[in-house]
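Q: Right, I'll just put the structure down here and ask away after.
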Amino acid sequence: MATDPPVKLEPRPDAPAAGPQGLPSPPAAGTEPAFEPGSPLAETTLEYWSGMAEEDREKCHTLIETYYQNLLEHFLEGANGAVKDYTRFGRRGKQWRTTLIVLMGLLAVLNILATSWPTQWDPTKTHREYISFAAAIYASLLAMLANLESFFNFSDKKTSTRESRELYLDAFREFEMLRLVHVYPFGLEAQACFNFSRLYRRLVVKDLELRRKILQLTEAQAGPKKV
């Protein structure tokens, strides 16, 4: 009985070259698929946390809490720093304003002396000319000091630091309450880790928003940029 001849299978053109024992050869260097940094990460679902060993879940919970608390303390430090800046700017602004008021009063006195110096005391009006000259120089120096006080702009800086303090405190209170409501009641359970991880992501976004708002306040108090 005649048998059919064996069928010879031709390799596919796109198939990798055969290696030892008929196994595909490893891809050449540089041909591996590159990892995309922006590729989405797998979501840590509630089932993910539930399937984790209790000891490992506790370690993750502790680590997330450390990062979370550090950011909250950063908000408190920002609020406390804003209070110190508010006091400092207020004190300096008050000193500058008081000094300028006193110096302007002295200028008024010089002007009065320059225009009302008694004639019987200075028949040649020499003293009056000297006083007028001194008053002109004094007025120039006073104008320079007034421009410096306006340049330092302590009043606006004090206002911006007060707004910064409110922003930091509001963020701290909001996320501290979120932790009290959505994390602490669940202890070290999977639901606590699930909520904590999501809260931390929201906290990072909030921190970025605060930095941008503080930067805007700083640029606003500095005035428009010259082109």
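The values are calculated or read from the model by the stated rules, or taken from the named source; none is laboratory data. Just so it is clear, the structure is predicted and the values come from calculations on it, not from any experiment. So basically every Cβ, Gly included, is an ideal-geometry build from the backbone, and we count neighbours across all protein chains shown. In case anyone asks, the SASA skips ligands and DNA or RNA and just uses the protein heavy atoms, side chains included. Shrake-Rupley method; radii C 1.70, N 1.55, O 1.52, S 1.80 Å.
Q: Using a 1.4 Å probe on the protein chains only, how many percent of the accessible area of segment 104-202 belongs to carbon and sulfur?
A: C and S atoms contribute 64 percent here.
Q: Going from most exposed to least, what order do Phe75, Phe89 have by accessible area with a 1.4 Å probe?
A: Phe89, Phe75
Q: Within segment 48-79, list the GluC sites (Glu not before Pro) lying in a DSSP loop whose Cβ has at most 10 other Cβ atoms in a 10 Å radius.
A: Here no loop site has a sparse enough neighbourhood.
Q: Please find the FRET efficiency linking Leu208 to Thr45, where r is the Cβ-Cβ separation and R0 is fixed at 25 Å, and quote it to the nearest 0.05.
A: After rounding, the FRET efficiency stands at 0.50.
Q: Let me ask something else. Can you tell me how much longer the chain between Trp117 and Thr66 gets when fully stretched, taken as 0.36 nm per residue apart minus their C-alpha distance, in nm with one decimal?
A: Between Trp117 and Thr66, full extension yields 10.8 nm more.
Q: Separate question: Which percent of Cα pairs goes in each bin when the distances of segment 57-168 are cut into 5 angstrom slices starting at zero?
A: For segment 57-168, the pair-distance distribution reads 2, 11, 12, 10, 10, 8, 8, 7, 6, 5, 5, 4, 3, 2, 2, 1, 1, 1, 0, 0.
Q: Counting only other residues whose beta carbon sits under 12 Å from that of Arg92, what net charge do I get with K and R as +1, D and E as -1?
A: Here the count lands on +4.
Q: Let me ask you something else. How long is the gain from Phe186 to Asp156 if the chain were fully straight, where each residue apart is worth 0.36 nm and the alpha carbon distance is subtracted?
A: Taking 0.36 nm per residue and subtracting the Cα distance, the gain is 6.2 nm.
Q: Which whole number of Å³ per residue matches the convex hull of the alpha-carbon atoms in segment 144-227?
A: About 79 Å³ per residue, rounded to a whole number.
Q: Write down the accessible area per residue of segment 157-208 in Å², having rolled a 1.4 Å probe over the full set of protein chains.
A: Ligands and nucleic acids excluded, the result is 54 Å² per residue.
Q: To continue, here is another question. Roughly how many Å² of Glu174 are accessible to a 1.4 Å probe, to the nearest 10?
A: Approximately 80 Å² for this residue.
Q: Could you sort Leu72, Leu148, Leu63 by their accessible area in this structure, using a 1.4 Å probe and putting the largest first?
A: Leu63, Leu148, Leu72
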